[in-house]
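Report on one structure; see the data block that follows.
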Amino acid sequence: DAKTTQPNSMESNEEEPVHLPCNHSTISGTDYIHWYRQLPSQGPEYVIHGLTSNVNNRMASLAIAEDRKSSTLILHRATLRDAAVYYCILRDWEHEDYKLSFGAGTTVTVRA
Amino acid sequence: DGGITQSPKYLFRKEGQNVTLSCEQNLNHDAMYWYRQDPGQGLRLIYYSQIVNDFQKGDIAEGYSVSREKKESFPLTVTSAQKNPTAFYLCASSIGGGAGETQYFGPGTRLLVL
């Protein structure tokens with residue numbers, strides 16, 4: 001399984017952008033890059049995913065490096081509700097990768 | 001409102017006792033999953049089911065059992081064979097079982113051993 005590496009923690013001020021990096025140097029051509037987040041004492045929720053091109057949705061943006069060995073999740077204006085653990089996960093569409101393989105993730109703290 | 005419900009929110013188990021965690025979804029999803037989360041760690045897959053009356057073991061199935069008699073329901077039984085059951089249990093579902101499918105999670109059940 002291709003692995004991901006994320007910083008343990010990051011801090012941000014409210015209303016400022018947050019850039020969460022993820023390294024995946026052994027990514028294969030058939031791996032999607034998924035991001036989920038988990039608020040305290042809740043189940044994870046889907047944030048965004050992409051394959052090669054940058055992606056935007058109402059929650060965040062995903063910037064994928066040209067060689068696909070790294071990606072960055074961007075929260076454009078952090079709010080207190082964005083304080084959570086963020087997980088970067090690779091999922092192989094060719095090999096029916098049914099499960100989500102969660103690492104330790106990045107704990108994001110937002111200061112008011 | 002469509003979603004996934006898990007009950008109870010907290011569950012206490014005595015030594016040697018089997019307990020069953022409930023998971024129900026009204027999203028009309030074919031695939032359902034059970035994960036376990038220990039403090040400060042990521043999720044690990046226990047069992048998953050891609051269709052009614054069929055399920056497969058995940059990475060840590062020992063000491064657990066499941067059934068999938070209805071599309072909407074995927075209960076998990078923690079048996080007495082599971083020696084360290086204290087954890088946060090999360091149920092999820094997706095439209096299908098493919099790698100591109102988003103998984104939607106329930107609020108979780110916290111299991112504690114007395």
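Of note:
- Value of Rg/Rh across the protein assembly as shown [Cα atoms, Kirkwood radius]: 0.98
- Label point distance in nm, residue B:79-residue B:52, each placed 7 Å from Cα along Cα→Cβ: 2.6
- Ranking B:108, B:93, B:49 by Cα position along the charge dipole of chain B, where only Lys, Arg, Asp and Glu carry charges on their C-beta atoms, puts B:108 farthest toward the positive end.
- Here residue B:71 is the anchor, and the lysines within straight C-alpha reach of less than 28 Å, apart from those fewer than 8 places off in the same chain, are A:99, B:9, B:57.
- Scanning chain A for trypsin sites (Lys or Arg not before Pro) lying in DSSP loops with no more than 11 further Cβ atoms inside 10 Å, the longest uninterrupted stretch between such sites is A:1-57.
- Assuming charge only on the beta carbon of Lys and Arg (+1) and of Asp and Glu (-1), the dipole of the protein assembly as shown about its Cα centre is about 640 debye to the nearest 20.
- Legend: mean number of C-beta atoms from other chains within 10 angstrom of residue C-beta atoms, peptide B:39-47, equals 4.
- Chain B: antiparallel DSSP beta bridges as a percent of all, rounded to 5: 90
- Cleavage-rule hits (GluC sites (Glu not before Pro)) in segment A:42-95: DSSP loop, at most 16 neighbouring Cβ within 10 angstrom: A:66, A:94
- For segment B:1-86, dividing the convex hull volume of the Cα atoms by the residue count gives 103 Å³ per residue.
- Spatial offset of segment A:51-106 relative to segment B:1-73 amounts to 25 Å, using the alpha carbon center of each.
- Label-point separation, residue A:39 to residue A:93 (7 Å along Cα→Cβ), nm: 3.0
- The trypsin sites (Lys or Arg not before Pro) of segment B:1-50 that DSSP puts in a loop, and whose beta carbon has at most 15 other beta carbons within 10 Å, are B:9, B:14.
- Sparse-neighbourhood loop sites, GluC sites (Glu not before Pro) in segment B:1-68 - DSSP loop, at most 15 other Cβ within 10 angstrom: B:15, B:62
- Across chain A, the volume of the C-alpha convex hull divided among the residues equals 93 Å³ per residue.
Read the figures in this text as sums done on the coordinates, not as results from a lab. None of these values were measured; they are calculated from a predicted model. Because the Cβ atoms are built from the backbone with ideal geometry, glycine has one as well, and the counts that use them run over all protein chains shown.
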